[in-house]
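To start, the structure itself, in structure tokens.
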Amino acid sequence: MLWKTNKNGNKEFLGGQESRHLAERAALECDMFVADDEDECVSDEPRSCYNCRYRRWTATAFECLKT
Amino acid sequence: MKILVCIDDTDNIDSRGTGELASMLAADIEDHGWGTCEPVTRHQMLVHPDIAYTSHNSAMCFGAEIDESRLGELTAHAREFLVRESASGSDPGLCIVPLDGLSETDDLITFGKKAKQVVIAKEEAYALAERIGVHLSEHGGTGIGVIGALAGTGLRLTGNDGRFRGHFKIETESDQVTPAEIMRQTHVEVVKSLDGDVLNENETIVLGKKVKSVLQDGKSTLLVYNDPEGDCWRTCTKQQLKVY
């Protein structure tokens, strides 16, 4: 399982901010992926939830805004 | 005179990023003949549930050397630019800091560092801006972008925060290049290992997919790491640079 629903009712990634392979897998499974500005991309794999325009960083992971 | 210009919170989830707007504003300044601009740096602020950022909470800052008589015109242009170009639903803030004669540099730097650690109210940003005599204005929404805009100037002033916007396209016949060649083709001023050692100008570096520099000791710095398998230097990955 890659996601949980957080207290804001948003989908939050369970892999934290350092699970590169899980974030890549999640993005491959997602039809909504759109790459963010290059300056905001933090993964070397272009298609990664860590690089998605619709991720919103939290203190420990990120929320998916396309829930 | 030397100034710093910083903007924050100009975007929404579907719009152009704040970095692009900062580069457009810098280009405007040069196109008007008001002065010359330095490259834009990105500065990360605190990510916290009580802060209403769009998705990453970063501010974009650049330095400029301008004709002092143009400061008023430039400021008015920057304000109008933010009103016109910021995305709907954003909370844009603009800060312009004249560095000549600024005596409270330490206060500005302290504010910048604080914005990376704790939640700050915009009233605190306005109070500091008024006390030290720098321009701080909001241009829509809640206006909370003034916090990051002021903090971004303080962080740029540290000389040790943030990544430069964009990446370099280095012309080379292979994927290998020397620090001297990198510095000739880009705004990079020094090439260093992650341990802080400065590379000799003639050492060999293997270029990665995206080559980016960071602000260290006030210089555009290209960071490289030693690849023990290839016994060579490689440019740092995005993963390695995300802490800057």
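The values are calculated or read from the model by the stated rules, or taken from the named source; none is laboratory data. Since this is a predicted model, take the numbers as computed values, not measurements. Heads up, the Cβs are rebuilt from the backbone with ideal geometry, glycines too, and the neighbour counts pull from every protein chain shown. With ligands, DNA and RNA removed, areas are computed over all heavy atoms of the protein, side chains included. Shrake-Rupley method; radii C 1.70, N 1.55, O 1.52, S 1.80 Å.
At 7 Å along Cα-to-Cβ for each site, give me the label-to-label distance between B:ALA27 and A:ARG20 in nm.
A separation of 3.3 nm, rounded to one decimal place.
Quick check: with the 1.4 Å probe, what order do B:GLU181, A:GLU63, B:GLU171 take by accessible area, largest first? It would help to have the intermediate numbers written out before the result.
Values: B:GLU181 50, A:GLU63 10, B:GLU171 140 Å².
Descending order: B:GLU171, B:GLU181, A:GLU63.
Hey, with R₀ at 35 Å, roughly what FRET efficiency would B:ASP195 and B:ARG16 work out to, going by the Cβ-Cβ distance, to 0.05?
With a Förster radius of 35 Å, E is 0.40.
Could you report the stretch B:2-163's accessible area per residue, 1.4 Å probe, as an integer in Å²?
39 Å²
If I take R0 = 35 Å and measure r between the Cβ atoms of B:VAL206 and B:GLN117 in this structure, what FRET efficiency does the formula 1/(1 + (r/R0)^6) give, to the nearest 0.05? Please list the in-between numbers first.
Values: r = 36 Å, r/R0 = 1.04.
According to the calculation, E is roughly 0.45.
Under a 1.4 angstrom probe, counting protein chains only, how are B:VAL40, B:VAL243, B:VAL83 ranked by accessible area, largest first?
Numbers: B:VAL40 10, B:VAL243 120, B:VAL83 95 Å².
Ranking B:VAL40, B:VAL243, B:VAL83 by accessible area, largest first, yields B:VAL243, B:VAL83, B:VAL40.
Roughly how tilted is helix B:18-31, in degrees to the nearest 10 and between 0 and 90, from the longest Cα axis of chain B?
80 degrees
Could you please state, rounded to a whole Å, how far the C-alpha centre of the stretch A:5-67 is from the C-alpha centre of the stretch B:49-91?
First find each Cα centre; the distance between them is then 27 Å.
Once neighbouring chains are kept in place and the probe is 1.4 Å, which whole percent of the accessible area of the protein assembly as shown is contributed by carbon and sulfur?
The C+S portion of the solvent-accessible surface of the protein assembly as shown is 47 percent.
Okay, helix-only estimate at 222 nm for the protein assembly as shown: each DSSP H run of n ≥ 4 adds -39500 (n - 2.57), divide by all residues, round to 500 deg cm²/dmol; what do you get?
That calculation yields -8000 deg cm²/dmol at 222 nm.
When a/c reaches 1.5 or more, the comparison of a/b and b/c decides; with that in mind, is the stretch B:168-241 rounded, prolate or oblate per its Cα gyration tensor?
Taking the square roots of the gyration eigenvalues as a ≥ b ≥ c, the stretch B:168-241 is rounded.
Rounded to the nearest Å, what's the spacing between the alpha carbon centres of the stretch B:119-178 and the stretch B:186-244? Just the number, please.
22 Å
Let's test the formula: R0 of 35 Å, r as the Cβ-Cβ distance of B:ALA52 and B:GLN185. What FRET efficiency results, to the nearest 0.05?
Efficiency for this residue pair is about 0.30.
Whole-Hz Karplus ³J(HN,Hα) for the stretch B:111-118, in order, using 6.51 cos²θ - 1.76 cosθ + 1.60 and θ = phi - 60°, x for Gly and Pro?
So the Karplus estimates, Gly and Pro as x, are 5, x, 5, 5, 5, 8, 10, 9 Hz.
Going by a 1.4 Å probe on protein heavy atoms, which residues of the stretch B:38-73 end up with at least 30 Å² less accessible surface in the whole assembly than in their chain alone?
So the qualifying set is B:VAL47, B:TYR53, B:SER55, B:HIS56.
Helix B:122-132 versus the longest principal axis of chain B: what is the Cα-based angle in degrees, 0 to 90, to the nearest 10?
Once rounded, one gets 90 degrees.
For the protein assembly as shown, just say rounded, prolate or oblate: build the C-alpha gyration tensor, square-root its eigenvalues into a ≥ b ≥ c, call rounded for a/c under 1.5, and beyond that prolate if a/b exceeds b/c, oblate if not.
Oblate shape, in that a/c is at least 1.5 and b/c is the bigger or equal ratio.
Return the value, in Å² to the nearest 100, of accessible area buried between chains A and B (probe 1.4 Å, both sides summed).
The contact between B and A buries close to 2000 Å².
Mind checking the full-extension length gain between B:ASN160 and B:GLN239? Use 0.36 nm per residue of separation minus the Cα-Cα distance, one decimal, nm.
26.6 nm
Suppose accessible area is computed on protein heavy atoms with a 1.4 Å probe; arrange B:ARG184, B:ARG156 from highest to lowest.
Of B:ARG184, B:ARG156, the descending order of accessible area is B:ARG184, B:ARG156.
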